[in-house]
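Read through the structure below, which is laid out as structure tokens, and then see the notes.
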Amino acid sequence: MMLRGVIAALALMGMALPAAAAGIALIVANEEHAQLRDARGAAQVLDTESRLRAAGFAVETAQDLDAPALRAALSQLSRAIDDQGHERVVIVLSGYFLHTPQGVWLLGTEADEADLATIDTVGVRLETVLTVASKLQGGALVALADAGFPGTPGRGLSAGVPRALDVPQGVSLVQGPARPLTAFLRDAMVPGTVLAQRADGVRGVEMSGFTPPYLPLLPEGFEPARAADRAAFAAAQDTGTLEAYQDYLDSFPEGVFVDDARAAIEALETTPETIEDALALTRDERRAIQRDLTLLGHNTRGIDGIFGPGTRGSIRLWQERNDHAVTGFLTRDQIFQLAAQAARRAAEIEAEERERRAEAERRDRAFWAETGAAGDEPGLRAYLERYPQGIFASLARERLDAIAAERARARTEAERRAWDAARATDTVRAYEEFLADWPDGANAANARARIDQLRPPPEPEPEPGPEPGPEPEPWPTGPSDEQIARDRAAEQGLGLAQVSRVMIERQLRNEGYDPGRMDGSFDADTRAALADWQADNGQPPTGFVTPAVLQGLMRGAILGLFD
């Protein structure tokens with residue numbers, strides 16, 4: 001159930017009205033019922049509210065009331081009539097009516113199949129309504145809109161409102177279907193309209209009770225109507241909305257300020273905000289607009305479908321750049337233009353991205369051709385360092401893995417040959433030389449075990465002897481001329497080939513000496529490096545390659561090939 005306004009407290013009843021007010025009005029429309037079929041169309045009588053207010057009445061409307069709420073509303077209305085001294089009262093009741101020869105009832109929304117014993121508990125007697133109205137004799141109008149009771153009433157009850165009713169003196173009673181009754185009531189609120197004459201002109205409406213052929217409910221030129229006109233328009237101006245001005249026009253279709261109200265509506269309907277609101281943009285459509293603005297370089301502060309300060313500011317900037325009125329609100333044409341610009345910009349961005357990818361791919365391929373395509377390890381590593389996710393990254397890693405595998409295989413084979421050579425010699429020195437080259441090799445433990453087996457047990461400590469003599473003289477700082485001559489002749493006798501000379505230079509460098517350019521030409525740098533090596537290895541530092549030097553260097557050079 002819904003009670004419009006404050007029927008529970010009937011605010012109008014507690015509000016003092018000006019002495020010239022038209023009066024007080026109560027409209028009750030019971031359309032939706034809990035047990036019975038809904039009374040379709042009963043709520044049409046609510047359309048009389050605006051016309052009653054326009055005529056200066058204080059109006060309360062109530063919809064879908066049960067019987068206790070109906071009685072409470074009538075009780076409040078009765079007290080208001082007594083307390084505030086109204087000159088007129090209009091009561092409009094719409095819904096299902098039942099009657100007997102002794103009375104008429106408006107049913108509450110909780111009613112079911114009432115009978116004589118229960119009708120007073122689920123309905124309100126029309127006699128009570130008429131009695132309340134009769135307090136203002138000559139200024140009371142009661143309107144009944146019968147919706148036509150569905151089904152068959154209980155025994156002793158009949159559906160509808162009988163034509164012949166005992167109406168109190170000074171009370172005008174009008175009855176009929178909701179639609180024509182509503183039309184009658186709207187006309188009756190025009191000052192100077194004679195009720196009896198108007199009732200005769202509306203088909204389906206019948207009037208009884210107080211029906212003077214010359215007396216209107218509201219006299220010609222009734223001032224509260226004009227005052228209400230002015231007050232309603234002032235209220236519409238204060239609110240300043242389309243709805244407020246339209247309400248004024250609905251209430252005062254012939255009002256003094258009709259032209260002003262229509263002009264105000266036209267102005268409001270053409271504001272930028274109203275024009276955008278009329279588009280009824282969905283949340284997704286607003287997100288699309290924000291994405292378009294973002295594509296064009298504007299910061300909407302998010303793409304959430306909410307047009308906050310960021311979006312409105314972006315719209316203003318876009319409008320300014322496109323020679324539109326800067327309002328912050330969009331028209332349909334502007335939305336289409338914005339979408340077209342964003343589509344072009346998206347195509348440009350996509351083309352730029354394709355060009356960027358093509359250029360990046362070109363540089364990638366060019367660098368591969370310069371480095372990794374040759375297949376050597378430095379080139380492959382250089383490519384991966386620059387393009388770890390490049391076009392040829394997977395291929396580069398495969399080739400590096402193959403190089404590493406080949407190197408590991410070569411090391412394994414070199415170690416195997418060195419181990420076979422050590423075992424063939426089977427001396428402590430051979431195994432020590434193997435361990436010097438392969439300290440962590442697969443056979444390192446075997447070599448150490450074999451050394452332990454071959455090394456003779458330690459001799460017993462000798463008895464203390466005489467004090468040791470002086471230390472032997474160190475090697476002279478420089479070899480003699482005879483030694484130099486012998487070593488030069490020895491080198492010449494070796495007949496070293498070019499490749500052997502390069503291997504000697506490379507091994508000198510590998511062991512930490514600087515032979516200069518490794519070109520097989522024994523220049524001053526090479527001779528100096530040879531002399532340093534000889535001095536460090538207990539040989540005369542002549543700078544020439546002797547068989548002893550060749551044996552020491554070439555063995556390390558050969559083993560280095562497999563390292």
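The values are calculated or read from the model by the stated rules, or taken from the named source; none is laboratory data. What you are looking at is a predicted structure, and each value in this text was computed from that prediction instead of being measured. Because the Cβ atoms are built from the backbone with ideal geometry, glycine has one as well, and the counts that use them run over all protein chains shown. Please note that ligands, DNA and RNA were not included when accessible areas were found on the heavy atoms of the full protein model with its side chains. Shrake-Rupley method; radii C 1.70, N 1.55, O 1.52, S 1.80 Å.
Which residues, counting only those in segment 88-112, are of a type in the set (Asp, Glu) and either surrounded by 14 or more Cβ atoms within 10 Å (Cβ to Cβ) or in contact with a strand residue (DSSP E or B) (Cβ under 6 Å, 6 or more places away or on another chain) (or both)? Break it down stepwise before answering.
Residues of segment 88-112 that are of a type in the set (Asp, Glu), as a first pass: 110, 112.
Answer for segment 88-112, where residues must be of a type in the set (Asp, Glu) and either surrounded by 14 or more Cβ atoms within 10 Å (Cβ to Cβ) or in contact with a strand residue (DSSP E or B) (Cβ under 6 Å, 6 or more places away or on another chain) (or both): just GLU110.
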Taking segment 34-58 only, how many residues are surrounded by fewer than 24 Cβ atoms within 10 Å (Cβ to Cβ) and touching an Asp or Glu at 6+ places or on another chain (Cβ under 8 Å)?
-> 8
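Is it the case, given these coordinates, that THR425 is of a type in the set (S, T, N, Q) and within 26 Å of GLU511 (Cβ to Cβ)? Even if it seems obvious, please write down each step before you answer.
Numbers: of a type in the set (S, T, N, Q): yes; within 26 Å of GLU511 (Cβ to Cβ): yes.
In short, yes.
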Quick check: is even one residue across segment 484-499 outside any loop (DSSP other than H, G, I, E, B), under 25 Å from TRP438 (Cβ atoms) and at pLDDT 85 or above?
-> no
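Among the listed residues PRO180, PRO162, PRO150, which satisfies the condition of being in a helix (DSSP H, G or I) and under 30 Å from GLN35 (Cα atoms)?
On the way: PRO162 fails: in a helix (DSSP H, G or I); PRO150 fails: in a helix (DSSP H, G or I).
Being in a helix (DSSP H, G or I) and under 30 Å from GLN35 (Cα atoms) holds for just one of PRO180, PRO162, PRO150, which is PRO180.
Take the conditions of a type in the set (Asp, Glu), farther than 21 Å from GLU32 by Cα, in a helix (DSSP H, G or I) and touching a residue at least 60 places away in the same chain (Cβ under 8 Å) and apply them to ASP47. Does it pass?
On the way: of a type in the set (Asp, Glu): yes; farther than 21 Å from GLU32 by Cα: no; in a helix (DSSP H, G or I): yes; touching a residue at least 60 places away in the same chain (Cβ under 8 Å): yes.
Criteria not met by ASP47.
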Residues being touching a residue at least 12 places away in the same chain (Cβ under 8 Å), assigned to a helix (DSSP H, G or I) and either within 24 Å of ASP277 (Cβ to Cβ) or of a type in the set (Ser, Thr, Tyr) (or both) - total across segment 308-361 = 17
Is segment 209-219 home to any residue that is within 60 Å of the chain's Cα centre (by Cα), more than 16 Å from ALA143 (Cα to Cα) and at pLDDT below 90?
-> no
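Among the helices (runs of 4 or more DSSP H) confined wholly to segment 239-304, which include 1 or more residues that are more than 19 Å from ALA325 (Cβ to Cβ) and free of Cβ contacts under 8 Å to residues at least 60 places away in the same chain?
On the way: elements: 242-251, 258-269, 272-278, 283-295.
Here the list reads 242-251, 258-269, 283-295.
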Among the residues of segment 14-33, which ones are open to solvent by less than 20 Å² (accessible area, probe 1.4 Å), over 20 Å from TRP105 (Cβ atoms) and either outside any loop (DSSP other than H, G, I, E, B) or at pLDDT 85 or above (or both)?
-> GLY23, ILE24, ALA25
